Amino acid sequence: MRIGIVGYGTGGRHFHAPFIKAAKGVELAGIVARAPATIERVKADYPGLPIHASLAEMLKAGVDAVTITTPPGTRRELVLEAIAASVHVIADKPFAPSADTGRELERAARDRGVVLGVFHNRRFDTDVQTLKKVLDSGRLGRLWRIHARMEQDDPATLEAGPEGGLLRDLGSHMVDQILWLLGPAVSVHAHLDMIDLPEGPTDAGFVISIRHRGGTFSQLVSSKINGIDAKEFVAYGERGSYRSAQTDVQAQAIFAGKRPADDPAGWGYEAEERWGLLATDDGKEPVPSEQGRYHDYYEGFARAVRDGTPPPVTPAEAIAVLQVLDAARQSATEGREISL
């Protein structure tokens, strides 16, 4: 599958291109970049790779699929442009400004007969994959609740203004993770930490409580301006608990200049001293890290295009995430629990 990237900021450069290069059955076919400094980065990172001035130019050159990883406000139009050209699309998160817009994009892709996927890559985080294995093992018995934290000491990356904010940024990842682990939400209660910036009121932190259809409960906590770095899960069940406080393994490796294609077998494992701890009546034991592989997303998307199977994250799943995010904002504004 020949895929092009539209946008080469932090997302395109660090979380898409290296994992496309590592994925089997996928070829990086070109990048859309316009700013002179961005064009020079592409040339330095991938000498000889075609660079296009626009999505239209890339589509004319010919690709099987595109990843849209431009700023959120531009994504709807670009996704629709690619769909209209009968090209398969991966939309970065948040894939739409609301659940209603997400449904519009889903209909457009279905009507055109193209595969539309959403890049909720953090299902493939090392700690999430390990937690999923623990839950699937049944060793916690009936699961009661999961508490999750994804806090970053990184105020410079907070997207300012009403169209930005942390809820749509890290909230997209965290809600997708928990819905993937625990199933659909039936109600949402949320608090947002609001700050005033020149671009407008901005949510800089959140607490989201979710009741799930299966009877479980989850609570998600995030911040970016409070000087905290934390990535934690605590799962409680009738037979015990599982706790993990792992690092952001794949992101840290990428920012350190490492690439998954250079060491496929060793990529994405947490150091042993940071393995999660399972506590049951049998005692306490560390749980070996599962491998985190963001490139599994691209391999799964290529299979969906080739075989007609669902993509790793379907539009319906992404719309469910947007429904929770929409409900979280309504809950914080109105001070009440929102039923879905």
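The values are calculated or read from the model by the stated rules, or taken from the named source; none is laboratory data. Computed from a predicted structure; not experimentally measured. Every residue, glycine as well, gets a Cβ built from its backbone with ideal geometry; the counts of neighbours run over all protein chains shown. The protein model used for the area step is the full one, side chains on, heavy atoms only, and it has no ligands, DNA or RNA in it. Shrake-Rupley method; radii C 1.70, N 1.55, O 1.52, S 1.80 Å.
Overview of results
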| item | result |
| --- | --- |
| Burial ranking of peptide ranges 319-331, 275-287 (average Cβ count within 10 Å, highest at the top) | 319-331, 275-287 |
| Of (i) 61; (ii) 56; (iii) 53, the label for percent of Cα pairs over 25 Å apart derived from the coordinates | (iii) |
| Lys pairs under 22 Å by Cα in the chain, provided they are eight or more residues apart or on distinct chains | 15 |
| Degrees, to the nearest 10: 295-307 long Cα axis against longest axis of the chain | 60 |
| Principal-axis tilt of helix 170-182 within the chain, Cα atoms, nearest 10 degrees | 60 |
| Per-residue SASA entry for residue 333, accessible area with 1.4 Å probe, Å² rounded to 10 | 110 |
| Contour minus Cα-Cα distance for residue 307 and residue 282 (0.36 nm per residue) | 4.6 nm |
| Euclidean distance of C-alpha centroids, the range 205-248 and the range 10-47, integer Å | 33 |
| Other-chain or far-sequence residues with amide H under 5 Å of residue 93's (modelled H) | 119 |
| Environment charge of residue 149, counting only residues whose C-beta is closer than 9 Å and scoring Lys/Arg +1, Asp/Glu -1 | -1 |
| Heavy-atom accessible surface of the chain: percent carbon and sulfur, 1.4 Å | 49 |
| Distant-in-sequence amide H partners of residue 2 (H built 1.01 Å from N, under 5 Å) | 27, 64, 65 |
| Two-site FRET efficiency, residue 274 against residue 61, from Cβ-Cβ distance with R₀ of 45 Å, rounded to 0.05 | 0.50 |
| Per residue accessible area in Å² of the chain, where ligands, DNA and RNA are left out and the probe is 1.4 Å | 44 |
| Extension gain, residue 103 back to residue 53 (0.36 nm per residue minus Cα-Cα distance, nm) | 15.1 nm |
| Under 16 Å from the residue 199 label point (7 Å along Cα→beta-carbon), backbone N, the range 6-40 | 9-11 |
| Theoretical gain in end-to-end length, residue 238 to residue 27 [0.36 nm per residue, Cα-Cα removed] | 71.3 nm |
| For the chain, calculated [θ]222 nm from helices alone, where every DSSP H run of n ≥ 4 adds -39500 (n - 2.57) | -10500 deg cm²/dmol |
| Tilt relative to the chain, helix 99-112 - C-alpha long axis, 0 to 90 degrees, to 10 | 50 |
| Value of relative contact order over the range 163-209, rounded to a whole percent, pairs C-alpha under 8 Å and six or more apart | 42 |
| Per-peptide average of other Cβ atoms within 10 Å, ordering 116-125, 181-190 highest first | 116-125, 181-190 |
| The range 291-305 and the range 108-178: distance between their alpha carbon centers, rounded to Å | 16 |
